[in-house]
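The block underneath contains the structure these notes are about, expressed in C-alpha cells.
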Amino acid sequence: MTGGSQGAGYRPVIGLEVHAQLLTHSKMFCGCDARYSGARPNSHVCPVCLGLPGALPVINRAALEQTLMVATALNCRVPETSRFDRKNYPYPDIPKGYQISQYAAPLGRAGHLDIFHADGPDRVGIIRVHLEEDTGKTMHSVLDGRPVSLVDYNRSGVPLLEIVSEPCIHSPDAARRYFAGLREVLVYLGVNSGDMEEGVLRADVNVSLSRGAHPGAKVEIKNLNSFRAVTRALEFEIDRQAALLEAGGQVAQETRGWDEGQEETVSQRSKEYAEDYRYFPEPDLPALTVSPERVEEIRRTLPELPAARRARYVDSAGLSPYEAEVITQDPALASLFDETLSLQPPGGSKAVANWIMGELLRLLHEAAVPLEASNISPRGLSGLLRLLGDGTITNAQAKIVFARMFETGAEADEIVRREGLAQIADTDELAATVRRVLAENEALVRDYVEKGGKTEGPLIGKVMAATGGRANAALVRELIRSLLSPEATAQ
Ligand SMILES: [Zn+2]
C-alpha cells in the first residue's frame, strides 16, 4: 500500500471474485469440445451453446466433480441440495439472453484458504464456490473500412468456476498472495491449467476505503488476468480513492476496468442502480443432490495440497521455508523432488533441492519450457547425484552432465563415459599439474607464503582451469598445502 492512504488513516477492504475455467473435455451443458484454444472461430458450437430455441442443456458430470473437489479443498460446506439459476442479461456474447449460473444454492459455502508469508498463515474466508458457464467473446474490428463487432462462441458454455472471497483482505500484496494461492490449489487439483496468459483464470476485485467504523463505497475492477494487474490495479485504486476522500470528495460506487498500458483504472458503469438479473431457478435442469458420504469420499481422495506439501518438506525433509516454496510452486517440480528423493540414500534432500532450484530452473527458464518438456527424470537426477557423491565427477562436471541430460535424456554415467568427463583423482597425475601451475605463478605463490596460506583460492582456480575443471578440488587443496608447506619450501 502506498503512503497517502495510510497517512490519512484509511483502511483498504478488498474482496476477490475469481473465475477459473475447468479442464473438462466437453462444455458445461453440451458435448462440444471445451478445448478451443487456437481453433477457428465458431467451430466448437452446437444448438445448445449457441442458445438456439428448443435446445436442452445436460449437466457435465466431470465439471461437477471438479467443483466438488475445489469446494472441499477450500474447506467449504457442501449442502446436500444445490441448483442452477438463470441470470438474465442482454449481451451479444450470451446467445441465450441469460447465463446458467448458481445464485441461491451454490455447491460450496463458507470455506477458507490459508495464505503463507513470513509471519505465518493468514486466513482468507471464502463466501461461496459455484459453477456456471463461460460467455462467448466479442471482438471489435474493421471490415471494408467500417467498424464491426464480431463474436466467437467457442468459449460459450465452457465450465467456469467462481470463487468469491470475503472482503477481508487489507493490502494489494495480500490480495496477490491469495490469488496466487488459489491458482496453486486449482493447478494441484488438476482442474485448471493456471495458464493466465490464456485467460483461463481471471479476477474481479472490489475495494473500498474505510475510516474507523465508516465503510467506504465499493468499487469493482473487472477482468484482471495477471498477479501484477491485481496488485497494480489495487494500488492505483487505493491511491485514487484516498486522494478523492482527502480532497473532500466522494467515491462513487461503480465498476471500473484496468488499462494495462496507462496503468490506471477507468470508469465503466455506475452501480447506482444495482443490476437486476431477475434470477430464477433454471427450469431445464434438475436440482443437484450431493450426499455427505460423497463429500467425505472426495475429501479422502484429494491429492496432497501445496500447503501440506510445503509443511512436509520443512518438517520432514529439512528444507527451508523458501526452498519448500520454490519447489512446490509447480506440482511437477514437487513430484520430481519426491521421486528423486525416494531413490537417494537418506539425508539427500538438500542436494536434490539444490539441483532442482539451481541448474534445473535455470535451464527450464533459458529454454522457456515446462518440466514436462525437458528430459530430466527422477532416475536421471538420482544417477547424477550418485556419481557426484562417490567422487566420480566434480561439481563443475556434474553441471555439464546435467545440461546434456536435459538436452538428450541420456543417463548420467553414459554421458560421463562418452565424453570422458570423469574427474582426476589420481594423486601422481594431479601433483605434476599442481607443480607446473605453482612454477608458472610465482606472484601468487609468494602471496600465499607471505599470508600464511590464506590465499589458496586463486591457486586452486588455476589448477582447475589447467585441468578443464576435472580435478578433484579437495585433492588439489591438499597438494598445494603440502607442496607449499614451510617444511617443503625450506628444502
Ligand atoms: Zn455446444
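Read the figures in this text as sums done on the coordinates, not as results from a lab. Keep in mind it's a predicted model, so treat the numbers as computed, not measured. So basically every Cβ, Gly included, is an ideal-geometry build from the backbone, and we count neighbours across all protein chains shown.
At a glance:
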read-out	value
Label-point separation in nm, Tyr277 to Ala474, each point 7 Å along Cα→Cβ	6.6 nm
Helix 61-73 vs. the chain, principal-axis angle (Cα, 0 to 90°, nearest 10)	70 degrees
Segment 427-490, Cα convex hull volume normalised per residue, Å³	75 Å³
Cut-off under 5 Å, modelled amide H: who pairs with Cys76 long-range	His112
Acute angle (nearest 10 degrees) that the helix 306-315 long axis makes with the longest principal axis of the chain, alpha-carbon atoms	30 degrees
Added length on full extension, which subtracts the Cα-Cα distance from 0.36 nm per residue, Asp33 to Gln253	75.3 nm
Computed E for Leu483/Asn375 - FRET, C-beta separation, R0 45 angstrom, nearest 0.05	0.60
Neighbourhood net charge (15 Å Cβ-Cβ; Lys/Arg +1, Asp/Glu -1) for Glu429	0
Length released on extending from Glu325 to Ala368, taking residue separation times 0.36 nm less the Cα-Cα span	13.4 nm
Difference of contour (0.36 nm per residue) and Cα-Cα distance, Ser141 to Arg417	93.4 nm
Net +/- balance of residues flanking Ser349 in space, Cβ distance below 13 Å, scoring K and R +1, D and E -1	-2
Ellipticity estimate at 222 nm from DSSP helix runs (n ≥ 4, -39,500 (n - 2.57)) divided over the chain, nearest 500	-11500 deg cm²/dmol
Simple spin-label estimate for Thr81 and Ser267 in nanometres, 7 Å along Cα-Cβ	4.5 nm
Whole-number percent relative contact order across segment 3-289, with pairs defined as alpha carbons under 8 Å at least 6 apart	24 percent
Gap separating the Cα centres of segment 134-166 and segment 191-214, nearest whole Å	19 Å
Label-to-label distance, nm, for residues given as Leu52 and Glu440 (7 Å Cα→Cβ offset)	8.1 nm
Efficiency of FRET between Lys350 and Asn223 - r from beta-carbon atoms, R0 35 angstrom, step 0.05	0.25
The chain pair-distance distribution - Cα-Cα, 10 Å bins, rounded %	4, 15, 20, 20, 15, 10, 8, 5, 2, 0, 0
